[in-house]
Structure formats: C-alpha cells, structure tokens
1. Given H placed on each backbone N at 1.01 Å, which residues far from A:F160 in sequence or on other chains put an amide H within less than 5 Å of it?
2. Pairs A:K383/A:K412; A:K222/A:K458; A:K142/B:K412; B:K66/B:K344; A:K37/A:K383; B:K344/B:K507: which are spaced more than 29 Å apart, C-alpha to C-alpha?
3. May I ask you to list the trypsin sites (Lys or Arg not before Pro) in the range A:51-82 that are in a DSSP loop and have at most 12 other Cβ atoms within 10 Å of their Cβ?
4. In nm, to one decimal, how far is the B:D350 label point from the B:T402 one, both placed 7 Å along Cα→Cβ?
5. Which whole-Hz ³J(HN,Hα) couplings does the range A:251-263 yield from phi under the Karplus relation 6.51 cos²θ - 1.76 cosθ + 1.60, θ = phi - 60°, glycine and proline marked x?
6. Where both residues lie in chain A, what percent of DSSP beta bridges are antiparallel, nearest 5?
7. Over all directions, the average projected area of the alpha-carbon convex hull for the range A:365-478 comes to how many nm²?
8. Thinking of the range B:163-216 as a set of Cα atoms, what percent of all their pairs are more than 15 Å apart?
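The values are calculated or read from the model by the stated rules, or taken from the named source; none is laboratory data. None of these values were measured; they are calculated from a predicted model. Neighbour counts are summed over all protein chains in view; Cβ atoms, including those assigned to glycine, are modelled from backbone coordinates with ideal geometry. Accessible surface is based on the protein model in full, side chains and every heavy atom, while ligands, DNA and RNA are left aside. Shrake-Rupley method; radii C 1.70, N 1.55, O 1.52, S 1.80 Å.
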Protein chains: 2
Amino acid sequence: MTVPKTNYKKIAAQKLKQRDAKFISKWLIPESALPAKDTKDVLPWISKSGYLTDLELEITESTATKILENIKFKQWSAYQVASAFCHRASIAHQLTNCLTEVFFEDALETATALDKHQEETGDVIGPLHGLPISLKDNFNIKGQATTIGIVNFCFNPESFEEDAVLVKLLRERGAVFYVKTNVPVAMMMPESINHIWGNTDNPMNRLLSAGGSSGGEAALIKLRGSIIGVGSDIGGSVRIPASFQNLYAIKPTFGRFPTYGARSGLAGLESVSSVNGPLTNTLEDLEFYCKSVVDCEPWLYDGKCIEIPWRKIELPEKLNIAICADNLIVRPTPPIRRGVSMVKEALIKDGHDVIDWDPTDHLRLSDIITSFFLSDGGVHVIKETEATGETLFPYMEMYGTTPEMKVSELWKLHVERTTLIKKYLDRWLATAALTKNGKPIDAIITPVTPFPGNPNGKFHDSVAYTSPFNLLDYSVGIFPVTRAHKDLDPVDESSTNYCATDSKVWKDYNAEESHGGAVALQIVGRKFQEEKLIEMMKVIDELINYSD
Amino acid sequence: MTVPKTNYKKIAAQKLKQRDAKFISKWLIPESALPAKDTKDVLPWISKSGYLTDLELEITESTATKILENIKFKQWSAYQVASAFCHRASIAHQLTNCLTEVFFEDALETATALDKHQEETGDVIGPLHGLPISLKDNFNIKGQATTIGIVNFCFNPESFEEDAVLVKLLRERGAVFYVKTNVPVAMMMPESINHIWGNTDNPMNRLLSAGGSSGGEAALIKLRGSIIGVGSDIGGSVRIPASFQNLYAIKPTFGRFPTYGARSGLAGLESVSSVNGPLTNTLEDLEFYCKSVVDCEPWLYDGKCIEIPWRKIELPEKLNIAICADNLIVRPTPPIRRGVSMVKEALIKDGHDVIDWDPTDHLRLSDIITSFFLSDGGVHVIKETEATGETLFPYMEMYGTTPEMKVSELWKLHVERTTLIKKYLDRWLATAALTKNGKPIDAIITPVTPFPGNPNGKFHDSVAYTSPFNLLDYSVGIFPVTRAHKDLDPVDESSTNYCATDSKVWKDYNAEESHGGAVALQIVGRKFQEEKLIEMMKVIDELINYSD
C-alpha cells in the first residue's frame, strides 16, 4: 500500500479511533466527572473516586508476590486480577493519556483460560500465573501492532505474528498482557509525545512531562494501572520517566534481559545497545521481576543474552558510595540538589563512606552517544516519517539535518569510546585509595536529569546525566527520594552558568510550577551488577523511607 | 616522520636486522647443521639434535602445572625454565620462522628477579611464578613494538609504554614473556606472511602453511618453544593455525578473556569482535590457562569483560553431539573427512548420541562477516600500508577495491545478523526433538578448514568453516584427531563440485604433499561455554588418544 505523503494525520486518526473502540465502555468516566484540567496532582484521585471496587483497589495496590499467592491459593481469580488492572489502567489513561494498544478482552480471555487450567489441574500454569504486566509500545506482542510513535507503523504490520522473546517467556509462565504504553516518535525524545497517541502527562504534576521514552509506562505504573511494567533504555529512556514519577527501575547491562523481538527506533544501531528493564512502585516488585526474567534462562532464547544466573549478594556492612552531585554540564535544579543532599546525609549518618565522584568524560561520552544515534544521518527515521509525511518534533530535528557518517569514522569513535570505558573503570577501581577501608566504591549516586520532571515541552537537557552509563553499559537503578516543594526549593542561582542548555533549564525552573514533582536518583553499578544494585537500594530505602 | 612511499623494504629490513641482533648467538645453529630445506616433518628434530640439554628437554616437554610446581618446590629455578624456553624458541624459529619480537634478555632478567623474590620471601610471587607464555604479535607488551605484519608499525611506536590488560594480569601473577609470534599483514589473511618477517612454515610438514593469523604461535608451540601461547581470532585466526598444527585451542566468546590493549588490524570494527584464546600441546595446559585468566577477574580491568567466574561443569554421562561433516561450500579433503569419521565412530561406539547438523545459514553468515571486515572500504588497512608503500598480498586485494559502506547499510546487516543468530540458537534448541534423551545437543563438531594444512600460498577457502561462529559469538574448542596419510587419504572425488573455491581446493589437494599434515576439528558450544567445551574435549581425547 502506497501512502500519500500528506496522509499522516488521517492514518493516525484511523488508528486512534480503532484503539479507542477497544476500551470497555462501562469503565469510561465522563469527561465532566474527571478531575479538572488544572488539577496538577492526580495521584490520590483514583482511590478516592469510587470508580473502583474495594477488591479492585486491594488488588491493584498489592504487590506481585501477594497477587500471585492470592491467585495460587484461590483468594482471587486471575480474571478478577486482570479485570482490576484493566479497569484501573483505563482510568489511568483518562488521567494521563498513557496507553497505546489496548487489548483488555484478550487479557480477560487469557485470565479465564488460566483460571480454567487451575481449576482442572489443581495447579498454576507457572510462577507468573495471572500476573498482569504492562509493556512499553516497542515490544512485539502476538496480535498487536508496534507503532513506537511512528505513523507509518500504525498498520505496518497491522499486527505482529510473534511475541518478542521477553513476552514469550513471561507469557509461558502465566503473565497476562493487557496494554502497551506511550512513547515518543521512534523512542528518541525525552518526552512521550507523537502524532498518533499525543502526549503523556505526569500524574504527580500534570504541568510536567511524564518523561520519555518509557513515559506511558511510568505514568501508568504510578497510578497503579500496572504492577510491573517494562520499558527500554538506550540513553535514559527507562530512567528518566521512572525518575519523573518517583518509581523504582533497573536499566540493566546489555545481555542480562532478552531484547530480541522489540522494535527499535534505530534498527541495527549497535555502537550502543538498547536494553529493557522494569519500572515498579516497590523494590520488592522490582527484585521479583528481575529474578523472574533471569530464572527463565533467557540466554537459551536470545542469542545476545549472557548466562549469568540471578545471584545472591552479600553487601559489605557499610557501603562505599561516590556521589556525583553535578555533571558540570547542567546544574541540577533546587529539588534535585536537595534530594542528593538528603541521600548523602542519610548515608553518612548511617556510617557509610561517602566520597565525591568527578564527572570526568561524561560530556564526551554524552557527545559520542549522540553521534552514534545520528550516525546513519537519520536515514532510518527519515524514511519512516517521510513515508506518511509526518513532521519531526523539534527534539528530533537533527535526524533530518545530520550527515551520514562513514563506517571508517564510526570505527574511530568506537576506538575512542573503548578507551573511555577503560579509563572510567580504572577510575572506579582507583577509588580504593580514597575510601576508609581501602576498597573501591560500591556505587555512584547521581541525578537522573536536572529537574523533578521538566515542564511539558521544555526538556532542555541532553540526557547527559543518563547516557554516559549507556555507553559504559553499566547497570543502573532508580530510586525515589522526595517530591519537589515550592517552599523548600526556591530558585537560588542565576540562570546563566555552564552553557546555553544550563541557562535554559534554570530559566524554566519555577518552584511553584514544579511543586509535587518527583525527585529520584540513579545508583550506578558496574556491568551486570543488577542484584547488587537492588540490595543497595534496599539499604537506601530504609534510610529514606519515601512515600508519595 | 614522513616515510617515503617506496621505503617499505628498507624499513622492514632495518626492523628485521634489529630483531635478529636480539637472538643469543651461542644458541644459533649454523645453517648447515639445520635439517635440509626439503625435510618436511621437523617435529622430532629438536629433541634428537643434541642442541638442548636433558634438563632443557625435560622442562620444555613438561606441562604448565608441573613447571610451576617444580619452581615452587625449587626443583627448577625460574631462570632455568625461562632459559630453556628461550633456547628452544630460538631453534623453533630457525626451523619455521615463527617469531617476531625477541626479548630473551628481558625474560632472563625477569626470571632472575623472580628467583630472587622467592629466595628472599620464601614464596612465589603468584600462581604463574616463572611460567613462560608466548604471545601473538598483536598484544602490546611494555618495551616492545607491535607490528602485526604492517611495515608502518615497525617503529610506530618503536615500543609500547603499557602492557595490554591480559599481559599485565599474567605478568602480575608471575608469567614470563620472551617472544611475540608471527602473523599475516593486519592479521587478516589465513597464512602468516608479511613484508617484515616473511612466512611461517608448518613444522609438521613444511610444504604446508602454518596457517593464520596466529601461525607463528602455533608453529612455536608445536615445537615446544612455548608451553602456552595466546592467539587472537576474528574469523578463525586461533583455530586455523591450531588445527594446522594439531594443537588444542579455545576461541572464547567475546568478554570471557580481556582484549583491551591488543592492536587490531581493523581498529574500531565492532560488528564482529576479535577475541583471544590459548593454544597448547595438552588439554591440561589449555584448562589451566583458561581458569588462570578468569581467576584474575578480568572484568575489573577490561570494561568489556563479563563477570562469569570459572565454573565447575558436570557433563551428562552421555553427550548429544551434532556433526556437520561438510559445510556445503567447500568439501573437506580426504584426511579431514577421515578425521570426522574417526570421531563420529568413536563417539557412537562409546554410547553418545550423534546426529547430523545442517550448515543452514553458514554461507550467509560467512558472507556477512566478510562484509563487516570490509565495511570501512579498507580505509584503515590502506592508510597503514600506503604509508610505506607496501604492496597488498593477493589474499587482501579486496581491501583496496571494496567501496566503503554507509552506516545505514551497516545497520541493515546488523539486523540481518541478529536475526540469523536467533535462528541458529532456535535450531540448536530444537535438536531436543531429534535426540534420544529429548535434550538439545551439547556441541557441534565440524572441520576447521577443508585441508590438513593448505599448501603454502593456496588457502582457497573463505574461512567459512570458522567465521560463522565468530558472527554467532559461540565458544569453540580445537582438538587434534590424526595426521594426513598418503595411503589412507587418496584423492577420491572430482575437483569440480560446489563452487570455484571448492574446485581449487580439490585441484590442489595432493595426498603425497599433504602427508603428515594435521587433522584437527572444532567442537562448538553456545556462548560462554568454555568450561563445558574443555570437559567435552577430555571425553573425546580419551576416545581418540592422539599423539604425533
């Protein structure tokens, strides 16, 4: 089918209409009954609205382990659980516009089949029997489209014939899929907006962006329309939305979780690899998911996965933590600075050894990763967007203007990046000379972005807080610390400092507007330290004791 | 320094002269006392020649474990051991032209220092105290050049200031370095020949090539001028020479052993990664080396290494083995076919389950890897060779004629390769339906090349027996089976069959000329199965019981 170039709005409208028909009408709340457009914080709304039954509330505010146990011991049916999450996801979508593909009917059928299996055999089908899991739009699911925010992918194909490896493994163990969640065009912008599904708002403060590229996922989980969601990250795409919604998340090292069968915005880019990881409301769910995926032995089903079983980690009694409070590219705004201080003080008070981390090479790492993203001169993105005539958002204009790189130039950048990786690792180990116990640091703690959620459309940062760790391929965790507060976080510095980007961020920072926004941080481990990160996050969690 | 283009012969001659001055003159054997040029098999020559003392023979024909034990318990000094290997390496070089950099004096000084340490402290410096290890020319060694067969690298730099990570780790534990070994230009040809050091001959049959690119290493080890040598492999460069000299070897999955600080012939190529691994005369030494390197925790020193400790593997009582006797691109010549049959029959007789393996996609994998090698249009190779005006050998002419690829084209090839990796892994697991016990195969056994060593200058194969496993990044072992025999391996098929390459190979095969050549095979595991491969090689070794 040749699509006329001016057709993108029509195609998108058609797709949207088809999708909207898939919501279950009895669950749709009239516009007039929804919170007013200027209600910033919609976090408490669902539980107080009366639209969910007590059981639906109990189910959706539970943990994965509890849900699985209650299904196994027949307190709840898989159908009840699936229905509760479908219902809540439907409302979450009305509040934040977080969903793309919706397939509640499929989910309810699957759940019914699971209940039947349990009734007939007396046993669950697998360790994830009846657990609803939401997925970022890039995962291929049998019978669903994968649009990743590109109009040309709306009906191309109309649906995939095979599950992505991750989806297949989770499904075989009993997971129930019911929604896919919103992303930016090609997943290459820091806010989740595109010409098909529009923008996802941040439920903690709807003046702020939900972030990108896993923004739909983060908004949905924050409103407990999902218990565990999976996002992907090639420059910060799990971590930015997780941090903007104060969730827990893991960006693993490439090869820990299977990636095969996920649609890429930059298919074939391997100079830096996209990974996927969970976003959750609790650390318990985060750990449960990670262990569950690795227990599937994904290396038998995805040739790029590494055979490292989920390991039991004994942390040292006291940790050595380096803190990088400022990447010297863009200054963190006041709420983020306050969050860093809270964690630093809590760690010191608890007897951990805290040193400073110098962001040496972060700027260069961030520049190199941008060059990798653009190394094909935007050929892939432009081909797909031009096919329907869709226009590029300002965040992506460079995909239409950067010249294609030669392979010999790419090789040179690879060499430089490999040298920087070595240098970074050497610096990490050299901290042994700086700590009290003579051992290297266990982790680096650093902001995720300069802001507690950027005002919609104003993400000025170049993802330089997150992307260096993609290039290093380090494992990273996200944990919540506090919320921005208009009285505690006033503007206290000039808007002119490091660079133009820095100036823009500070010019746009407004304590009143940011009130209630999320303050979460990254905890960075070396390669494949996902288990250790989670253990360290438990330590911090106990000290910080965050709740919304 | 600008080097005039016609200068390559002069520079090479100067480098060669400097190197030759580093041999210890009392060890040099007069031309007239060496075996005649037409003596094909020089394997028995050294031990019978009388040039080595009984102690030197005992040391150089020992195993790594024995050597380390004898040094530790003061039966032998580190100096005696180093001296014995330097002496024998010097002779091996006279027989095969296997060495590049020679630094016997440094080695003897290091050994003296180790002896002193042991005397003073009463203990060895580390688990490799006094063990001589030879290295392929691409490893940077402090104080030595790394020419990798390129004239422009003779004095550029004249010496490196830092050890490669692997060298550093081994050295810290007590290993003694004394020689580097010959390679082809840029390590990108299947025979070890270049304009600096010339060609390395095969000591089993000097009419045959030692193979490449780790040919110098293989010839040296075969003559026991080294106990353990390290080669590198991006398309077959450890495996081909190991097989041509009937050695044991491991080509690991990328990330198992450290690669940082090795000079690359195609620096920055990452679409397929060069790895390094050991070549040895015994399985015991092979296992010892692999475990020793992994025990160094290389992931702390090379950011691309993966934290997988050396694991203890319990094999199933009987193995499931798939045999790929012929890749349907080039037919194995009679000796190789006989070797495959020997192993197949021995396995069946011992009760293992043997099935056939279809070489589906091997040709395409092999074509893709060639495209990756040439993706920069030879820019890197041409820049370095043109700098001194050195001419390309016929094997490398395509580096001067292939157009540079665009990054967007490279990305497309990456996508195709990733799909083929998934398909291959699925085929592997699907063998569960073909085996008697319903479990997938443990390994694939297949030839390394079509020949028992190719006649010098006549390697017509496109490395399509080895390179698919580089693209898959599978772990592979090499084990010896038998030697070519003029009476057992007559020409029995026409020289026209699959393709032009196949015809050339069969046209050049001559049972008389190949007599005594090596017949070794590959045993292929999935990613990171180095331990399991070694255990399986032990099983086969016991059945085959090879000796020269």
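1. A:I141, A:G143, A:Q144, A:A145
2. Among A:K383/A:K412; A:K222/A:K458; A:K142/B:K412; B:K66/B:K344; A:K37/A:K383; B:K344/B:K507, the Cα-Cα distance tops 29 Å for B:K66/B:K344; A:K37/A:K383.
3. A:K74
4. Using points 7 Å along Cα→Cβ, the separation is 3.9 nm.
5. 9, x, 6, 4, x, 7, 10, x, 10, 5, x, 9, 7
6. Antiparallel bridges: around 65 percent, rounded to the nearest 5.
7. With every direction weighted equally, the projected area is 9.4 nm².
8. Cα-Cα pairs in the range B:163-216 separated by more than 15 Å: 54 percent.
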